[in-house]
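Working notes, beginning with the structure itself.
The values are calculated or read from the model by the stated rules, or taken from the named source; none is laboratory data. These numbers were taken from a predicted model, which means no experiment stands behind them. We place every Cβ from the backbone using ideal geometry, glycine too, and count neighbours over all the protein chains shown.
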Amino acid sequence: MNTSAINSDYKIIPASLEDVPGISELLKFYSDQEVLLPRPESDIYRSLKDFYVIHHDQKVIACVALLIYTKELGEVRSLAVSPAHMNSRLGYRLVQQVEKEASHLGLKKLMALTYVERFFKKMDFEVVEMSVLPEKVWGACINCHKFRNCDEIAVLKYIN
């Protein structure tokens, strides 16, 4: 399969209301495998303006969200690519889109919590201690069921 030709055919677009079930299904697939934390569909609706998607055959095959914490810090969140489209660089393109949007907004740093640090390291993110991200820890992580036993890896990238 020629992934470069396929990759250029897929457009990254802002998510719409019609995309919510597809985003939810994709995120559920990975949360069932404990690769992503679960996200209720109601959360996706509330943060829909933060999402970008890629479609194939009118189906969501990849998604990502940009969550803003402060005037300097944003988060790459809910990054998922359907298993059928793995190794197609769609995840890479989605993170680039989030970086572009974050830079446009004037953010200085992007972070992510991940189990796939290798992916983010290839995109020049550095592994950091969670203590470097108090906005995330005290803004979101404190409400997570894994708060006391978090096994995700924090990564950070300076942009602009």
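Can you tell which of 48, 67 is at pLDDT below 95, aliphatic (A, V, I, L, M) and either surrounded by 13 or more Cβ atoms within 10 Å (Cβ to Cβ) or under 24 Å from residue 11 (Cβ atoms) (or both)? Don't jump to the end; show me each part of the working.
On the way: 48 fails: at pLDDT below 95.
That would be 67, the only listed residue that is at pLDDT below 95, aliphatic (A, V, I, L, M) and either surrounded by 13 or more Cβ atoms within 10 Å (Cβ to Cβ) or under 24 Å from residue 11 (Cβ atoms) (or both).
Checking residue 11 against (1) free of Cβ contacts under 8 Å to residues at least 24 places away in the same chain; (2) more than 20 Å from residue 120 (Cβ to Cβ), which test does it fail?
If we test residue 11 against (1) free of Cβ contacts under 8 Å to residues at least 24 places away in the same chain; (2) more than 20 Å from residue 120 (Cβ to Cβ), just (1) comes out false.
Take the residues in the range 128-146 that are in contact with a helix residue (DSSP H, G or I) (Cβ under 6 Å, 6 or more places away or on another chain) and among the aliphatic types (A, V, I, L, M); name whichever of them is modelled with the highest pLDDT. First the steps, then the outcome.
Of all residues in the range 128-146, those in contact with a helix residue (DSSP H, G or I) (Cβ under 6 Å, 6 or more places away or on another chain) come to 130, 137, 141.
Now drop any that are not among the aliphatic types (A, V, I, L, M), which leaves 130, 137.
Details: 130: 72, 137: 48.
Looking at residues that are in contact with a helix residue (DSSP H, G or I) (Cβ under 6 Å, 6 or more places away or on another chain) and among the aliphatic types (A, V, I, L, M), I get 130.
List pairs: first in the range 104-115 and in contact (Cβ under 8 Å) with a residue 24 or more places away in the chain, second of a type in the set (Gly, Ala, Ser), Cβ under 6 Å, 6+ apart or cross-chain?
Pairs that qualify, where the first residue is in contact (Cβ under 8 Å) with a residue 24 or more places away in the chain and the partner is of a type in the set (Gly, Ala, Ser), are 107/74; 110/74; 110/102; 113/154.
So for the range 3-14 (the condition being surrounded by 21 or more Cβ atoms within 10 Å (Cβ to Cβ) and at pLDDT 95 or above), does at least one residue qualify? Break it down into steps so the answer makes sense when it comes.
First pass over the range 3-14, keeping only residues surrounded by 21 or more Cβ atoms within 10 Å (Cβ to Cβ): none.
Checked the range 3-14: no residue is surrounded by 21 or more Cβ atoms within 10 Å (Cβ to Cβ) and at pLDDT 95 or above.
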